[in-house]
1. Is it true that some residue in the range 142-155 is free of Cβ contacts under 8 Å to residues at least 40 places away in the same chain, open to solvent by less than 10 Å² (accessible area, probe 1.4 Å) and closer than 23 Å to Gln84 by Cα?
2. Among what's in the range 95-113 and is surrounded by fewer than 19 Cβ atoms within 10 Å (Cβ to Cβ) and under 21 Å from Leu134 (Cβ atoms), pick the residue that is farthest from the chain's Cα centre (by Cα).
3. Starting from the range 168-196, keep only residues that are among the basic types (Lys, Arg), then list their pairs with residues that are surrounded by fewer than 24 Cβ atoms within 10 Å (Cβ to Cβ) whose Cβ atoms are within a distance under 9 Å, requiring at least 6 positions of separation or different chains.
4. Can you tell me which of Asp51, Asp74 is among the acidic types (Asp, Glu), farther than 23 Å from Pro108 by Cβ and either open to solvent by 60 Å² or more (accessible area, probe 1.4 Å) or modelled with pLDDT under 95 (or both)?
5. Filter the range 119-131 down to the residues that are out of contact with any helix residue (DSSP H, G or I) (no Cβ under 7 Å at 6 or more places or on another chain) and surrounded by 24 or more Cβ atoms within 10 Å (Cβ to Cβ) and list them by number.
6. Which fully enclosed strands (runs of 3 or more DSSP E) of the range 34-109 have 3 or more residues being touching a Pro at 6+ places or on another chain (Cβ under 8 Å)?
7. Assuming Val28 fulfils every condition listed in (1) at pLDDT below 95; (2) crowded, with 17+ Cβ neighbours inside 10 Å apart from one, which condition is it?
8. Across the range 214-230, which residue is farthest from Phe188 (Cα to Cα) among those that are open to solvent by 20 Å² or more (accessible area, probe 1.4 Å), small (Gly, Ala, Ser) and modelled with pLDDT of 95 or more?
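The values are calculated or read from the model by the stated rules, or taken from the named source; none is laboratory data. Keep in mind it's a predicted model, so treat the numbers as computed, not measured. As a convention, Cβ positions derive from the backbone with ideal geometry for all residues, glycine included, and neighbour counts pool all protein chains shown. SASA here: full protein model, heavy atoms, side chains in, ligands and nucleic acids out. Shrake-Rupley method; radii C 1.70, N 1.55, O 1.52, S 1.80 Å.
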Amino acid sequence: MPLPRSSRPSTRRGRARRAGALVVVAGVLATLTACAPSAPNEGTIALLLPDAKTARYETFDRPSFEAQVAANGDFTVQYANADQDAAKQQQQAESALAAGVDVLVLDPVDGRAAATIVSQANAQNVPVIAYDRLIAGGRIAYYVSFDNEKVGLLQATALVDGLADRGQPGGGILMVNGSPTDSNAAQFNAGARSVLDASGLNVLATYDTPDWSPDKAQQWVAGQVAQRGDGIAGVYAANDGTAGGAIAALKAAGVAPLPLVTGQDAELAAIQRLVTGDQYMTVYKAIRQQAERAADVAVALARGETVTAPTEQDGIPTTLLEPVAVTVDDILATVVADGVWSVQEICTPDYAEACDAAGIR
């Protein structure tokens, strides 16, 4: 309805005001355009990792995944870390799905509980990639991991051979297993047991480490040392974090020489313990290759493309990469050759003398 004549601005004043308003609006739009990030052209991929206690996730998995996605196209990666809390991971997944992600890449804190996440994603037709750990339930589009039973087999074989070389073929060992909520931990244990049960070594006690916590592993091993003293010839530790906890307990108790201790993940601290002789072995897994494969599959699924896999596990298209046993003699040919750690990163001043003795230069 037209304004009463007395309420209408004069033509000249109206034009001036409209011109001023247009200048202000143009200025605001220019500012918003300059400040606003460019929107993704192709979509969003969620990457949900389980914890930060295991150094590999923030050091290798996340940056390798994000870099490979960026190399493949114009996607946004929505990242979250659950800090070993299954309920928190559930909330993170629900937030990602509510935000309309195109693909969910999930490394579950609890493989069974994560089936709920998969069901929610299935209901929204969002493909789920099980990353590193298999999820017990729901429709999984792809699974990428390592041959986890072989990890345990490599660890146990190294322990058996190392104790035989030490003249302790029937020695007593502790088993510091991984988290009971991690499906991989059961596979590591199965692979290790396939060797240890036939080896003649005496398994003194076993422990499933809650949350893969190095502190809890340390506390348990300290109790075992107090009980068994020098009767411990070796420690099967399922990863480098629990290995570090076990070694700290052994050192605090003054155990010498140190029992042989296994590990997994080739963390920098573990490689340095290999150099000094505190840790006997670790398992190197080409995590960068794993993350890049997951990123390639995620991008293909986001584009609606068909993906292929070299094998299947439980009917799921699967890529399983090969783990590699690493002792001090293998450092240069594995983690250094693959660019995971440089000699300079390993052989800091505190480790220079040990590196020289080991021929790591």
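1. Checked the range 142-155: no residue is free of Cβ contacts under 8 Å to residues at least 40 places away in the same chain, open to solvent by less than 10 Å² (accessible area, probe 1.4 Å) and closer than 23 Å to Gln84 by Cα.
2. My answer is Leu97.
3. Hits for this filter: Arg193/Met175; Arg193/Val203.
4. So the residue among Asp51, Asp74 that is among the acidic types (Asp, Glu), farther than 23 Å from Pro108 by Cβ and either open to solvent by 60 Å² or more (accessible area, probe 1.4 Å) or modelled with pLDDT under 95 (or both) is Asp74.
5. Ala130
6. So the answer is 75-81.
7. (2)
8. Ala226
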